[in-house]
Amino acid sequence: MTDFLLELRSEEIPARMQDKARDDLARLFTAELEKAGLRADAIVTFATPRRLALIARDLPEATEAVSEEIKGPRAGAPPQALEGFLRKTGLTADQLVERDGVLFAVIDKPGRDTAEVLAEAIPAIIRAFPWPKSMRWGEASSSTESLRWVRPLHGIVALLGDQIVPVEIAGVRSGAVTLGHRFHHPGPITIGSAADYAEKLHACHVIVDQDERRAIIRDKASALADAAGLELIEDEGLVAENAGLTEWPVPLLGRFDEDFLGVPPEVIQLTARVNQKYFVCRDKAGKLANAFVCTANIDAADGGAKIVDGNRKVLAARLSDARFFYETDLKVPLEEQAKKLEKIVFHERLGTVADKVERVAKLARWLVEEGIIGGASPSGTTMLADQAERAARLAKADLVTGMVGEFPELQGLMGGYYAAAQGEAPAVAEAIRDHYKPVGQGDEVPTAPVTVAVSLADKLDILTRFFLINEAPTGSKDPFALRRAALGVISTILQNNLRFRLERVLLKACGDDLAQFEDVFFGRIEEKLAAFFADRLKVQQREAGVRHDLIDAVFALGGEDDLVRLLARVHALQSFVTTEDGANLLAGYKRAANILKKEGYETPSPLVGEGGGPLASASGKGEGDSESSPTPPHPSAPSALPPSPTRGEGLSYTPEPAEADLIAALDAAGPVAADAVANEDFEAAMAALATLRAPIDAFFDAVTVNDTDPAKRAARLALLARVRDAVHGVADFSKIEG
């Protein structure tokens, strides 16, 4: 067994491409070896700015001889079929083997030296390498057939053990020689084998292991900050980027003028990070300090003093620009800036940003006035509504400022700073700052009432408007981040325990236009916003450990789009079905449901809560009180089931004991479960259903449902329908797996 080393040395590889390049190198190398029947014990990859390397451990010296069998046409097939098969295999007719009337080609492949396999594999890997961006160079670049690489390729080291694997591609020949650090050791280095590769390069000021370089940067930068009485603001992305820019990282701490601290700290941090790849520090009180940590690529004779001074001057120029933007923006009131939004197109079919602002402002105010958010006294509600509308009208104004033009990542944040500096109410400034939140998994969810109103209104407007113009996400494509917006709405509702029917709010977001509302929910069944919200809720709750089938079971009831109440029901259901009573009741329910289905007792239309609602069902409109729902009952709702026996009344026969016990259990449990659901005490509803477990089991053990007596058969089917309906008062158990 022998180790193999491959190093591809080029001009600087962008830091952002290095990790994927290592993965691609390992993947392509493994694939080429598998084609030849080879497999390495382990593969290790490295990347620096100037080289991409791979070490394959314990490769065999040669591939094993193999016999490959290829199935051909049937014996006696038309001559054309036989000729095509012979051309494909390169054999003659007398070399084929016949078995059971079918011709086979048996091809013996002798073993090959591993070095020979590698010599073919390396050029194939280089030519197939999927760089995000690549280039041609030199005289050969006039041809589109010339080699493409991320930057000009200068050297190839290919060693199997201590032997060179001969390769030549685009005039670059493989060997055992590489180069060390560009400044500390620019001369050639002869590598003996994979075993001494990292060690020899380290002696020449090249750390090939990216993880080792990252650890050096992380630890040294923190130590420098600590020695200065500061704390490094951690940034793992910046650690990786600096490691991708250096082969011999040397972190250095510098200071910038304290006057720049008058600029918002996020601006300073972003300027240092994006433009200069610097870390920043905070003092012991948590405030941004006038210190930065840069990462040099050399051990300077003066300890890095000149490097730090040069970086300080460059950072000062960048911060001066940032301060200029900030001070210039402050001179223009946000209200004036907002007028410029009339000239910015939000979407060609949805008007300008100013049009969007107008819609969001009205919706934010309505959310407060309706008591959906805030719930204050009438006088407090008026003030809160005024602040929500004011914040919404100013929330997008910073989009036209110089600072956000330079750093789009600061939108919202800068608006909050400008609003506070220009005398807006603290609640308004906070809402402007945070109205984009939450912007992703784990992001902070707003809780201040004004912020919640603006944040919800902004996201609900985006969702309804893009669905109205048929721009729903498809597959992995979501250009307008509608999935993120829906998750943000759900998180905000649940975090703040907001109690409202989503259908009602989305109707308002459609401008109270019932025709638009019908379209956004029901016009395109596979894309409707109701089903979209349901899917997003499943995604969000799956990450919280909630089973998707239980969410489906509650959705299937219909009429439930109060998300807080819906999830309370789901959580209670999840606790119940994991118990022995729950599992057995589920089994009894499914047995009853199967009998009813077989006998033509179809599942009734979804039971409804207050008013019904589309969110609960992805297959049709919700049903409910026409006064409380903007949509009528679904026209395809099945007819009601025949009356079922209660306390045994109306039966033409004396029920068997197990039958009578089940009737009594339903009489007792049904009202209790229904009252508990009405009071949102879903645990109590589950407890009531649990009392049905034993009577249902006993009924199936002792009673024949399909009795020869038509009266008994009809009554017992109706009794099973009562069981099903009682369970459906809590959830549609047919959706539950198990």
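Sorted by packing (mean other beta-carbon atoms within 10 Å per residue), highest first, where do 245-252, 384-391 land?
384-391, 245-252
For L557, enumerate residues with amide H under 5 Å from its amide H, sequence gap 5+ or separate chain, H modeled in the peptide plane.
Under 5 Å from the amide H of L557: D732.
Under 19 Å from a point 7 Å along the Cα-to-Cβ line of K598: which residues of region 711-738 have their amide N that close?
In region 711-738, the label zone of K598 (backbone N under 19 Å from the point 7 Å along Cα→Cβ) covers 711-725, 734.
Which number do you get for Rg(Cα) / (2.2 N^0.38 Å) in the chain? Walk me through the numbers before you get to the answer.
Details: Rg = 35.5 Å, N = 738, 2.2 N^0.38 = 27.1 Å.
Relative to the 2.2 N^0.38 Å estimate, the chain comes out at 1.31.
Using the number of other C-beta atoms within 10 angstrom as an exposure proxy, rank K200, K356 with the fewest first.
Working: K200 17, K356 21.
So the ranking, lowest neighbour count to highest, is K200, K356.
Taking θ = phi - 60°, what integer Hz values does the Karplus form 6.51 cos²θ - 1.76 cosθ + 1.60 yield along region 136-148, in sequence order, with x for Gly and Pro?
Using θ = phi - 60°, the values come out as 10, 8, x, 4, 5, 5, 5, 9, 5, 8, 6, 4, 10 Hz.
Explain nothing, just the number: dipole magnitude of region 247-319 about its Cα centre with +1 on each Lys and Arg Cβ and -1 on each Asp and Glu Cβ, in debye rounded to the nearest 20.
Approximately 160 debye in magnitude.
Could you list K459, K88 so that the one with the fewest beta carbons within 10 Å of its beta carbon is first and the one with the most is last?
If I rank by nearby Cβ atoms, fewest first, I get K88, K459.
With +1 on each Lys and Arg Cβ and -1 on each Asp and Glu Cβ, and nothing else charged, work out how big the dipole of the chain is about its Cα centre, in Debye to the nearest 20.
Magnitude of the dipole: close to 1460 debye.
Out of A453, F533, H548, whose Cα points farthest toward the positive end of the dipole of region 451-582 (charges: +1 Lys, Arg; -1 Asp, Glu; placed on Cβ)?
Farthest towards the positive end: A453.
With 10 angstrom as the radius, rank T190, T89 by how many other C-beta atoms surround their C-beta, starting from the fewest. Spell out each step's value before the answer.
Details: T190 11, T89 17.
In increasing order of surrounding Cβ atoms, one gets T190, T89.
K339: which lysines have alpha carbons under 18 Å from its alpha carbon, excluding same-chain residues fewer than 8 sequence positions away?
K331, K356, K362, K396
Which residue, L394, T382, L367, has the largest displacement toward the positive end of the dipole of region 355-439 when charges sit on each Cβ (Lys, Arg +1; Asp, Glu -1)?
Value: L367.
Roughly speaking, what % of Cα-Cα pairs in region 556-606 are separated by over 18 Å, rounded to a whole number?
Above the 18 Å cut-off, region 556-606 has 51 percent of its Cα pairs.
List, in order, the whole-Hz ³J(HN,Hα) value for each residue of region 75-85 obtained from phi through the Karplus relation with A = 6.51, B = -1.76, C = 1.60 and θ = phi - 60°; use x for Gly and Pro.
Each residue's phi maps through the Karplus curve to give 4, x, 5, x, x, 4, 5, 5, 4, x, 5 Hz.
If the only charges are +1 at each Lys and Arg Cβ and -1 at each Asp and Glu Cβ, what is the size of the charge dipole of region 188-228 around the Cα centre, to the nearest 20 debye?
Roughly 140 debye, rounded to the nearest 20.
Rounded to the nearest 500 deg cm²/dmol, what is the calculated helix-only ellipticity per residue at 222 nm for the chain, with -39500 (n - 2.57) per DSSP H run of length n ≥ 4?
Result for the chain, helices only: -14500 deg cm²/dmol.
At a 10 angstrom cut-off on C-beta neighbours, averaged per residue, how do the peptides 444-453, 669-678 rank from highest to lowest?
On the way: 444-453: 22.0, 669-678: 17.5.
The densest-packed peptide leads the list: 444-453, 669-678.
Check K109: other-chain or 5+ apart residues with amide H under 5 Å from its amide H, H built from backbone geometry?
Under 5 Å from the amide H of K109 lie the amide H atoms of V66, S67, E68, each far enough along the sequence or on another chain.
In whole Hz, with x marking every Gly and Pro, tabulate ³J(HN,Hα) for region 168-184 from phi via Karplus 6.51 cos²θ - 1.76 cosθ + 1.60, θ = phi - 60°.
Residue by residue, region 168-184 yields 9, 8, 6, x, 9, 9, 6, x, 10, 10, 10, 10, x, 4, 4, 10, 6 Hz.
Taking K20 as the anchor, which lysines have their alpha carbon closer than 18 Å to its alpha carbon, excluding any fewer than eight residues away along the same chain?
K133
Quick check: the distance between the Cα centres of region 90-149 and region 396-412, to the nearest angstrom?
Here the two parts' Cα centres lie 52 Å apart.
Enumerate the amide H contacts of T352 below 5 Å, restricted to partners 5 or more residues apart or on another chain; note that Pro and chain-start residues carry no placed amide H.
Those qualifying (amide H under 5 Å, at least 5 residues apart or on another chain) are F346.
Please state the equivalent ellipsoid semi-axes for region 349-430: what are the square roots of 5 times the Cα gyration tensor eigenvalues, largest first, in whole Å?
Values: eigenvalues 125, 54, 13 Å².
For region 349-430, the semi-axes come out at 25, 16, 8 Å.
Values in this text are rule-based calculations from the coordinates and carry no lab data. None of these values were measured; they are calculated from a predicted model. As a convention, Cβ positions derive from the backbone with ideal geometry for all residues, glycine included, and neighbour counts pool all protein chains shown.
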